[in-house]
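K.L.:
Shown below is the structure under consideration.
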Amino acid sequence: MNAIFDKLVKAKIDQFENEYINLSKQIFVNSDGKLIHPGEFGIYREKLIKNFLEPFLPARLAIGNGFIITSKDHISTQCDIIIYDREHAPVIENCEQKFFPVECVAGVIEAKSKLTKYTLKDALIKLSNTKKLREDIGDYSEVSPFNTALKVRDQMTTFLICESIDFDIEKEIGSLFSDIYAGIDKSLFHNMILCLNNGCFLYHDGTHPIYHSYFDYKKDGIFKNECILPCELGYAKEHILCFLNYFYMAIGAVSIMDLEITNYLGSKRLSKTILEN
């Protein structure tokens, strides 16, 4: 452990948690407990997440928001936070809206307040549909073909960050995600969920003393959902530290593909040309 690094990171965690849970409400909730300017409230919390996570990104990655597009004319719903490779991404803008080619996207984050089982399901299905856009990327290599269904690092990462959830985690975790993801391919499952008040959801193989920020398709039978609860002894925000650790490892390992711009433009070889003799 490095004492300086440890203190700096924990100070950022304290600041983020306080601003996300407390200060945001002091600014955007009136004396009657009613949320004012909900749109600005959401934007404020998205900026808090951006400022919190940016130091834990590899330098080549940047954070934006907008829509993800594919060369097969598919488009995502609006994404709160998009993490993309700034060295490979031509970000197309139209006034206030930004569009990110899916080849360059490493991850997507949804920012939420308090979640019920129903709103949690809605958020995770939205992230699942966003992940599905990576299937529009073609095979770029004969040696190691791109395949999101077989290679976890070929799939983009998806995360959900919220203030709290209002159901009993211990009672529900056994069936919660199997119900949400019924009939959905495991390559489209979320990576992690951070609930500031409740814990960090990730995966465990039941054998090794490490956690995983993705569902390993090859170990289907033994991979289970696990929630790291806030620590009652020692550092109370251990679950947030855990999230940062696995977030950093997961986001930096995503395959970023070279972009074929002509696939997006629909360019064709013109029939009327002049060739050198």
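K.L.:
Among 120, 133, which is of a type outside the set (Gly, Ala, Ser) and in contact with a helix residue (DSSP H, G or I) (Cβ under 6 Å, 6 or more places away or on another chain)?
P.N.:
Details: 120 fails: in contact with a helix residue (DSSP H, G or I) (Cβ under 6 Å, 6 or more places away or on another chain).
When all the criteria are applied, what remains is 133.
K.L.:
Taking the stretch 95-122 as the search range and keeping residues that are without any contact (Cβ under 8 Å) to a residue 40 or more places away in the chain and closer than 13 Å to residue 78 by Cβ, which one is surrounded by the fewest Cβ atoms within 10 Å (Cβ to Cβ)? Full working, then the answer.
P.N.:
To start, the set of residues in the stretch 95-122 that are without any contact (Cβ under 8 Å) to a residue 40 or more places away in the chain comprises 95-100, 118-119, 122.
When the remaining residues are screened for being closer than 13 Å to residue 78 by Cβ, the result is 96-100.
Working: 96: 6, 97: 11, 98: 16, 99: 17, 100: 24.
The selected residue is 96.
K.L.:
Could we say that residue 213 is buried (at least 20 other Cβ atoms within 10 Å of the Cβ), touching a residue at least 12 places away in the same chain (Cβ under 8 Å) and not aromatic (Phe, Trp, Tyr) here?
P.N.:
Details: buried (at least 20 other Cβ atoms within 10 Å of the Cβ): yes; touching a residue at least 12 places away in the same chain (Cβ under 8 Å): yes; not aromatic (Phe, Trp, Tyr): yes.
Yes.
K.L.:
Could you check the stretch 19-60 and list, in sequence order, the residues that are of a type outside the set (Asp, Glu), more than 26 Å from residue 250 (Cβ to Cβ) and not in a helix (DSSP H, G or I)?
P.N.:
29, 30, 31, 33, 34, 35, 36, 37
K.L.:
Moving on to the next point. Just name the residue that is modelled with the highest pLDDT out of those in the stretch 123-159 that are small (Gly, Ala, Ser) and surrounded by fewer than 17 Cβ atoms within 10 Å (Cβ to Cβ). First the steps, then the outcome.
P.N.:
Our first condition is that a residue be small (Gly, Ala, Ser); within the stretch 123-159, this holds for 123, 128, 138, 141, 144, 149.
When the remaining residues are screened for being surrounded by fewer than 17 Cβ atoms within 10 Å (Cβ to Cβ), the result is 138, 141, 144, 149.
On the way: 138: 74, 141: 56, 144: 65, 149: 83.
Looking at the filtered set, the residue picked out is 149.
K.L.:
Here's a follow-up. Run residue 240 past the list (1) touching a helix residue (DSSP H, G or I) at 6+ places or on another chain (Cβ under 6 Å); (2) modelled with pLDDT under 90 and report the number of the one that doesn't hold.
P.N.:
Unmet for residue 240, out of (1) touching a helix residue (DSSP H, G or I) at 6+ places or on another chain (Cβ under 6 Å); (2) modelled with pLDDT under 90: (2).
K.L.:
Next up: For residue 181, are the conditions met, namely being under 18 Å from residue 149 (Cβ atoms), surrounded by fewer than 21 Cβ atoms within 10 Å (Cβ to Cβ), of a type outside the set (A, V, I, L, M) and touching a residue at least 24 places away in the same chain (Cβ under 8 Å)? So that I can check it myself, show each step before the final result.
P.N.:
Numbers: under 18 Å from residue 149 (Cβ atoms): yes; surrounded by fewer than 21 Cβ atoms within 10 Å (Cβ to Cβ): yes; of a type outside the set (A, V, I, L, M): yes; touching a residue at least 24 places away in the same chain (Cβ under 8 Å): yes.
Spelling it out, residue 181 is indeed under 18 Å from residue 149 (Cβ atoms), surrounded by fewer than 21 Cβ atoms within 10 Å (Cβ to Cβ), of a type outside the set (A, V, I, L, M) and touching a residue at least 24 places away in the same chain (Cβ under 8 Å).
K.L.:
Which residues, counting only those in the stretch 161-197, are aliphatic (A, V, I, L, M) and within 20 Å of the chain's Cα centre (by Cα)? Walk me through how you get there before you give the answer.
P.N.:
Step one: filter the stretch 161-197 for residues aliphatic (A, V, I, L, M), giving 161, 165, 169, 173, 176, 180, 182, 184, 188, 192-194, 196.
Correct list: 161, 165, 176, 180, 184, 188, 192, 193, 194, 196.
K.L.:
Would you check if there is a residue in the stretch 24-36 being at pLDDT 95 or above and among the hydrophobic types (A, V, I, L, M, F, W, C)?
P.N.:
Going through the stretch 24-36, the residues at pLDDT 95 or above turn out to be none.
Within the stretch 24-36 (the criterion being at pLDDT 95 or above and among the hydrophobic types (A, V, I, L, M, F, W, C)), the answer is no, since none of the residues qualifies.
K.L.:
Let me ask something else. Here are some conditions: (1) among the hydroxyl-bearing types (Ser, Thr, Tyr); (2) part of a helix (DSSP H, G or I); (3) more than 17 Å from the chain's Cα centre (by Cα). Residue 207 meets all but one. Which one does it not meet?
P.N.:
If we test residue 207 against (1) among the hydroxyl-bearing types (Ser, Thr, Tyr); (2) part of a helix (DSSP H, G or I); (3) more than 17 Å from the chain's Cα centre (by Cα), just (2) comes out false.
K.L.:
Further, regarding this structure: Can you name every residue in the stretch 222-263 that is part of a helix (DSSP H, G or I) and charged (D, E, K, R)? Full working, then the answer.
P.N.:
So the first thing to find is which residues in the stretch 222-263 are part of a helix (DSSP H, G or I), and the list is 238-252, 261-263.
If the condition is that a residue be part of a helix (DSSP H, G or I) and charged (D, E, K, R), then 238 is the only one that fits.
K.L.:
Being more than 27 Å from residue 106 (Cβ to Cβ) and in contact with a strand residue (DSSP E or B) (Cβ under 8 Å, 6 or more places away or on another chain) narrows it down to one of 165, 193, 169, 161, so name that one.
P.N.:
Working: 165 fails: more than 27 Å from residue 106 (Cβ to Cβ); 193 fails: more than 27 Å from residue 106 (Cβ to Cβ); 161 fails: more than 27 Å from residue 106 (Cβ to Cβ).
Step by step, each of 165, 193, 169, 161 is checked, and only 169 is more than 27 Å from residue 106 (Cβ to Cβ) and in contact with a strand residue (DSSP E or B) (Cβ under 8 Å, 6 or more places away or on another chain).
The values are calculated or read from the model by the stated rules, or taken from the named source; none is laboratory data. Quick caveat: nothing in here was measured; it's all calculated off a predicted structure. All Cβ positions, glycine included, derive from the backbone under ideal geometry; neighbour counts span all protein chains shown.
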